[in-house]
Amino acid sequence: MANDMRLIPINQRKAKDFINQFHRHHKAPHGDIYRIGLEKDNILIGVIMIGRPVNRILDDGLTVEILRCCIQGYHKNACSKLYASAVRIAKNLGYEKIITYTLQKESGSSLRAVGFKDEKKIKGRLWDTPSRPRKQISLFQEYNKIRWVKIL
């Protein structure tokens, strides 16, 4: 039940350590604007990190991106609770839009539950190009994704 879970403040180092240990397919982002932890029975079970949009074109100063949402194990409604909290905080801070991405194979049900809409299909690609060499940091860069959006 969602009521036995509690949102908590969490420092960046602890959030990154949690994500690096438990996220299914990504390491923690380098930075963020804010982050939220989720506890059950005084044990950290989830973390969400929110920051500037990774895509520079979308970084208009009024948009934030959910960079990572990570739950350890299965806890019903945990993702939705973290997403809803991230949305409330973004709105209270004056942001007008919040976005995030999922792999196309992921359902997005937790995002739909808090009002996100499927905005665009994104073709996966490596970030490494001859004009801008990049080290591949994720095994999933080449996978197709869905961008989700919620207007605040």
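Scanning segment 83-105 for residues that are open to solvent by 40 Å² or more (accessible area, probe 1.4 Å) and either assigned to a loop (DSSP other than H, G, I, E, B) or within 11 Å of R147 (Cα to Cα) (or both) yields a count of 7. Screening segment 1-34 for residues that are open to solvent by 100 Å² or more (accessible area, probe 1.4 Å) and modelled with pLDDT under 90 and picking the one that is farthest from K145 (Cα to Cα) gives N3.
Take the conditions (1) basic (K, R); (2) at pLDDT 95 or above; (3) outside any strand (DSSP E or B); K150 misses just one of them, which is (3).
I'm checking my understanding of the structure. Among residues of segment 106-145 that are at pLDDT below 70 and open to solvent by less than 70 Å² (accessible area, probe 1.4 Å), which one is farthest from C79 (Cα to Cα)? For segment 106-145, the residue satisfying everything is T129. Pairs are defined by a Cβ separation below 8 Å, a sequence spacing of at least 6 or placement on different chains, a first member in segment 16-37 that is among the basic types (K, R), and a second member that is part of a helix (DSSP H, G or I); the pairs so defined are K27/I19; K27/N20; R35/Q12; R35/A15. Find the residue count for segment 64-82, including only residues that are open to solvent by 10 Å² or more (accessible area, probe 1.4 Å) and either in contact with a Ser or Thr (Cβ under 6 Å, 6 or more places away or on another chain) or in a strand (DSSP E or B) (or both). Residues meeting the conditions: 7.
The values are calculated or read from the model by the stated rules, or taken from the named source; none is laboratory data. Given the structure is predicted, the values throughout are model-derived calculations rather than measurements. FYI the Cβ positions are ideal-geometry reconstructions off the backbone, even for glycines, and counts take in every protein chain you see. The area values use the complete protein model at the heavy-atom level, side chains included, leaving out ligands, DNA and RNA. Shrake-Rupley method; radii C 1.70, N 1.55, O 1.52, S 1.80 Å.
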